[in-house]
1. Which residues, taken from region 162-174, are in a loop (DSSP other than H, G, I, E, B), among the β-branched types (Val, Ile, Thr) and buried (at least 16 other Cβ atoms within 10 Å of the Cβ)?
2. Return the total of residues in region 626-642 being in contact (Cβ under 8 Å) with a residue 24 or more places away in the chain, touching a Gly at 6+ places or on another chain (Cβ under 8 Å) and farther than 27 Å from Tyr489 by Cα.
3. Show the residue pairs meeting these rules: Cβ distance below 6 Å; 6+ apart or different chains; first residue within region 207-236 and within 19 Å of Thr277 (Cα to Cα); second residue open to solvent by 60 Å² or more (accessible area, probe 1.4 Å) and basic (Lys, Arg).
4. Could you grab the pairs with beta carbons closer than 6 Å, sequence gap of 6+ or different chains, first residue in region 163-174 and on the phi > 0 side of the Ramachandran plot, second one within 11 Å of the ligand (Cβ to nearest atom) and open to solvent by 30 Å² or more (accessible area, probe 1.4 Å)?
5. Run down Tyr249, Tyr269 and say which single residue is of a type in the set (Ser, Thr, Tyr), away from the ligand (no atom under 14 Å from the Cβ) and buried (at least 24 other Cβ atoms within 10 Å of the Cβ).
6. Taking region 368-411 as the region of interest, how many residues are touching a Phe, Trp or Tyr at 6+ places or on another chain (Cβ under 6 Å), under 29 Å from Asn281 (Cβ atoms) and of a type in the set (Val, Ile, Thr)?
7. Hey, does region 235-246 have a residue that's crowded, with 24+ Cβ neighbours inside 10 Å and within 11 Å of the ligand (Cβ to nearest atom)?
8. Please go through region 390-440 and give me each residue that is of a type in the set (Gly, Ala, Ser) and in contact with a Pro (Cβ under 7 Å, 6 or more places away or on another chain), ordered by number.
Amino acid sequence: LVAVVCAAVCGAYSQSIVFDDTPGMERQFDGIGGLSGGGATSKLLVNYPQEQRDQILDYLFKPNFGASLHILKVEIGGDVQSTDGTEASHMHNSWDENYQRGYEWWLMKEAKKRNPNIKLYGLPWGFPGWIGQGTHSPYVNVSMTADYIVRWINGAKVYHNLTIDYVGIWNERPYDIGYIKALRATLDARGFQNTLVIAADEEWEIATDIQADPELAKIVHAIGCHYPGTLSDPDAVYTGKQLWASEDYSTFNDDVGGGCWARILNQNYVNGLMTATISWNLIASYYDNLPYYGNGLMTAVEPWSGNYVVETPIWVSAHTTQFAFVGWNYLKHGYGVGKLPKGGSYVGLVNPTGTELTIVIETMSHNHSVCIRPPLPAYNVEPQVVNISLAGKFSSITKMNVWYTKLGFDGAKDILFEKRDQIQFVNGKAQLSLGLDEVITLTTMTTGQKGAYPEPPPSQPFPLPYTEDFESYSLYEEPFNLAQQSGAYEILSTNNNTFARQMTIMEPVFWCKFGGVSKTVNVIGSTDWTDIYVAVDFQLPVINGSLGAFVAARVDQGGCEAFSAQGIFLFAFPDRYIVANDLARTKTLKEGYLAFEAGEWHRLGLLVQDGNVQGSFDNKILFNMTVPVVPISGFAAIGTDSFGLADFDNLQLTGPS
Ligand code: 147
């Protein structure tokens, strides 16, 4: 706990840390952010009841309230699986252009509504197939890819009045210098001189290319490294470029996750001179048992109940975000930035006119601040007393406001972002007693608020029975609750009927390392489901139609592993049906005769009950069989047998009676 008064004996073992602007400032602070996408991480947030959804958005973006983020990074959807699902491209095909798909436009507008100063950053994970022209590279025609990306930036402006501040290259995949130059040239030619290029969203390796190529050096605004473990490469520092942890965190959002976030927010600068840190992800809004469940600043996975959880990382963020802003500057190492004598770290941030000072101190112990990656070398933190000394222009400060967090482990209660009594400075000096796993902000800023809303509604399981006819949707929206793991689904309407269409007609430029099978799949519900009835109307369009459609139960995997998902899959083709034990159809359980034509609507049903599987077509029983041994539970799913158009309507899910 912050203790200003210390017995005389404290002085004997206390150490001084100084905050002094005399030698000037070091680097400019570029902000703390969250990442929506890479992929589909905000999926379940979109159709929350408006009341809870607005509350959640306030906790994330509203200044002076919660995480109050400075940067929102979003995926530029590419119709590919990009971790927890696929996000739609604005150009499924070369002849197609649409800026109403998905939810990132909506999210960016909600963020801007709350904080007009929030910076926006777009980055693709994958690309629709036509960009690769039959290859799996986006660089076969770099001006075409640059055109595709700049169209997204232009669409943001024209259709949503959103200014994209930063754009990246290809998430965690190879960059191409020719492409980076083409991208810059295209941005400039279309009036986006102010959209800055961040490269290359992997490690620091672009630093050597920047050193060797003055033209490239001019183009790259900041080097963006992922999961830097608070360290930057000397080559990267040598470029003189801004250095960003352009994706970091990805840790379950309990107190250890909060500890990770607190440690890296400070130490990315202290150890690595990184001036921006962006959390993967912004909000964990994807079903449990998809990859990296809960790896967001907070969790919201129940649109049907409205339940959500404001987790520790939100309040850890607030310690920095509410009291320092983009364009502020860090003090110099040794003059307000450094490691504490007995472990932990501190940063001093100053506003552009030099009149406000914010100090953030963290004392996270090793085991209480481990992030998902990279491994964290051993270190020690001990309780300590530090003498704080304010020098230069700051020497006249007599008091600072104090915000305090102590993460509670082993049954102890968390203290999260509480306002404490002011700390008094006598001749620029004060003493602070620090315990373990604390975050303390000392600031001249008088703002700061621990935002609060009434408890959200209680948690509820996915509601069954469940029906979805899509009639209430806006055109081009993505179906709610159906978490697309391959393919891109959107709401269309013909003859006064609204339905969901699978839009991807060719294999995309994948992001997942192992590529994927040429199937599309949407999962829904819970991986706890065992017995279930799943039925849907489907139609295979005549032109560019998929070869078949399926309904499935007990689907056990999503994410990049979706392609190897097992389950009970009933595929319908114009001339037969196939029951497979896996999405890839490597294991056929049953086959039989079926006859229908493309362009006709039919209903496909799958009932798993009491050890029996029953398939139906247009409500007539097709077969009965014994339930396969594995998997024993999983999501319900619908999808297609190949990339190609397919329409779905009147989804019905019924649980065991
Ligand atoms: C990152 C991705 O960029 C994100 O989309 C998301 O998948 C995130 C989840 O932690 O991870 O990709 C990485 C995946 C693996 C490693 C690093 C980054 N790794 O093993 O070092």
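The values are calculated or read from the model by the stated rules, or taken from the named source; none is laboratory data. Here the structure is a predicted model, which means the values were calculated and not measured. Cβ sites come from the backbone with ideal geometry, for glycine too, and all protein chains shown count toward neighbours. In case anyone asks, the SASA skips ligands and DNA or RNA and just uses the protein heavy atoms, side chains included. Shrake-Rupley method; radii C 1.70, N 1.55, O 1.52, S 1.80 Å.
1. Ile164, Ile169
2. First pass over region 626-642, keeping only residues in contact (Cβ under 8 Å) with a residue 24 or more places away in the chain: 627-628, 630-642.
When the remaining residues are screened for being touching a Gly at 6+ places or on another chain (Cβ under 8 Å), the result is 627, 631, 634-637, 639-642.
Pick out the ones that are also farther than 27 Å from Tyr489 by Cα and you get 627.
Qualifying residue count, region 626-642: 1.
3. Going by the 6 Å Cβ cut-off, the qualifying pairs are Tyr227/Arg373.
4. Glu172/Glu202
5. Tyr269
6. So the count comes out to 1.
7. Restricting attention to region 235-246, the residues satisfying the condition of being crowded, with 24+ Cβ neighbours inside 10 Å are 236, 243-246.
Cutting the leftovers down to within 11 Å of the ligand (Cβ to nearest atom) gives us 246.
Yes.
8. The answer is Gly435, and nothing else.
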